[in-house]
2 protein chains.
Amino acid sequence: MDNKALYNLSYGVFMLSTKYEDKVNGCITNTCMQVASNPTRIAIACINKNYTCELLKKSGIFALTLLDETCTFETIKHFGLQSGRDVDKFADMKTAVDINGLPYLGWQACSVISAKVVDSMDLGSHTLFIAEVTDAKLLNDKGPLTYADYQARVKPKPGSEAPKQEEPEKKIVGYRCKICNYFYEGSTLPDDFSCPVCGHGPEDFEPVYG
Amino acid sequence: MDNKALYNLSYGVFMLSTKYEDKVNGCITNTCMQVASNPTRIAIACINKNYTCELLKKSGIFALTLLDETCTFETIKHFGLQSGRDVDKFADMKTAVDINGLPYLGWQACSVISAKVVDSMDLGSHTLFIAEVTDAKLLNDKGPLTYADYQARVKPKPGSEAPKQEEPEKKIVGYRCKICNYFYEGSTLPDDFSCPVCGHGPEDFEPVYG
């Protein structure tokens, strides 16, 4: 089986937000598709380890901001490369709120979908949520950011962060996930490691030299 | 709720094939996403009325050909705009077969995924299938056809099939689905009609004058 064959599946890039009691959080995801009409239902897959997933299981409601082609890496980094367990991602950020009172991004975004979970399925690494769309709004007329665009254009190239020239006697100080840029600190990446952000395994990590 | 907001979700375009006993069929779909890793699982949504869906419920196995950017409208038309109940779509067609003996397209296609259904959920208009990927192959190095590409570039423009000039005393002879081009013959489209090919409702149909 060639995992690269699966890279040809097309996805968008989204900011998924939810709120349970006084906890609010959002993360970056790439999986959402409409799965039924009358009523309109969508499916999203979330990594079980993620804080947003933990909150969503309790709240049963979410807002999905569809990021547009002007989306910057700063936005992806803010919501996608840190955990809501460590920081309040919405602190000092003035966002619009949807019909359920959930924050969504009114910038770098072409649509927002508000949904209510009607079923879910635990698939081990991820939970698949089936949700009824309770509201949907067009936010601007820009095209959506696709996951392929994100990889090709928005995500910083490895060479832009470190000099290409190889240093003598270099040491591995960590591993970077080639899929989402998550950084694992340490000289050895465990064989059974999976990225806490995007769920990919060791084969998708590259060593970072200090 | 503005349904157009949902059009900003990004999809690919696929030929989904399956086989049950001596019946083999394939159709065009746009919904597939990876939903879990270790083991790798994908989800697809199929219209319940479709013959491929009927066969898939019995067979539990499918091949998903990921169409590439060179895909022509003829291919879409062959698999997407006629029913396997009326014609044998694979008759006189030499295709490759996957590990389960299912036919897939070796042309205009960048990947093929072979999968085994592990769970399903009937959502009314569609059934959502969760499947374990049992094989995946890269077929070429072309980019995948996205649903947005298909709409913008591959699908014939309405004007290319009928003269733009309006005729006097024109009569409605049918309705065309703006989503998939399905043609409904008749002067009145029922209010509760849904497209047998893509599942969209009357709001996505436009009148065709004879």
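The values are calculated or read from the model by the stated rules, or taken from the named source; none is laboratory data. This structure is a prediction, so every number in the text was calculated from the model and none was measured. As a convention, Cβ positions derive from the backbone with ideal geometry for all residues, glycine included, and neighbour counts pool all protein chains shown.
Residues that are among the charged types (D, E, K, R) and either within 14 Å of chain A (Cβ to nearest Cβ) or in contact with a Cys (Cβ under 8 Å, 6 or more places away or on another chain) (or both) within segment B:26-54 comprise B:ARG41, B:LYS49, listed in sequence order. Annotation note: Cβ proximity below 6 Å between a residue of segment B:130-153 that is within 27 Å of B:ILE61 (Cβ to Cβ) and a residue that is among the aromatic types (Phe, Trp, Tyr) (sequence gap 6+ or interchain) occurs for B:TYR147/B:TYR11. No other residue among A:ASP98, A:ASP88 is touching a Phe, Trp or Tyr at 6+ places or on another chain (Cβ under 8 Å), in the same structural domain as A:GLU54 (by TED's automatic domain parsing) and modelled with pLDDT of 95 or more apart from A:ASP98.
Scanning segment B:92-105 finds one or more residues that are closer than 20 Å to B:TYR11 by Cβ and either crowded, with 17+ Cβ neighbours inside 10 Å or among the polar types (S, T, N, Q) (or both).
For segment A:1-21, the set of residues classified as closer than 23 Å to B:ASN30 by Cβ, aliphatic (A, V, I, L, M) and facing chain B (nearest Cβ under 8 Å) consists of A:ALA5, A:LEU6, A:LEU9, listed by residue number.
Residue by residue, here is whether (1) of a type in the set (D, E, K, R); (2) within 11 Å of the chain's Cα centre (by Cα); (3) at positive phi holds:
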residue: B:SER10; (1), (2), (3): no, no, no
residue: B:VAL13; (1), (2), (3): no, yes, no
residue: B:GLN34; (1), (2), (3): no, no, no
residue: B:ASN50; (1), (2), (3): no, yes, no
residue: B:LYS57; (1), (2), (3): yes, no, no
residue: B:GLY60; (1), (2), (3): no, no, yes
residue: B:ALA63; (1), (2), (3): no, no, no
residue: B:ASP68; (1), (2), (3): yes, no, no
residue: B:THR72; (1), (2), (3): no, no, no
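Only one of the listed residues (A:ILE28, A:ILE42) is in contact (Cβ under 8 Å) with a residue 24 or more places away in the chain, over 15 Å from the mean Cα position of the chain (by Cα) and either closer than 22 Å to B:SER37 by Cα or not in a strand (DSSP E or B) (or both). That residue is A:ILE42.
The combined condition, being in contact with an Asp or Glu (Cβ under 7 Å, 6 or more places away or on another chain) and modelled with pLDDT of 95 or more, is fulfilled by B:LEU145. Put simply, of A:VAL118, A:VAL154 the only residue that is touching a Phe, Trp or Tyr at 6+ places or on another chain (Cβ under 9 Å), over 29 Å from B:VAL118 (Cα atoms), hydrophobic (A, V, I, L, M, F, W, C) and at pLDDT 95 or above is A:VAL154. Condition check: surrounded by fewer than 16 Cβ atoms within 10 Å (Cβ to Cβ), modelled with pLDDT of 95 or more, under 27 Å from B:LEU128 (Cα atoms) and touching a strand residue (DSSP E or B) at 6+ places or on another chain (Cβ under 8 Å). Does A:VAL35 satisfy that? Criteria not met by A:VAL35.
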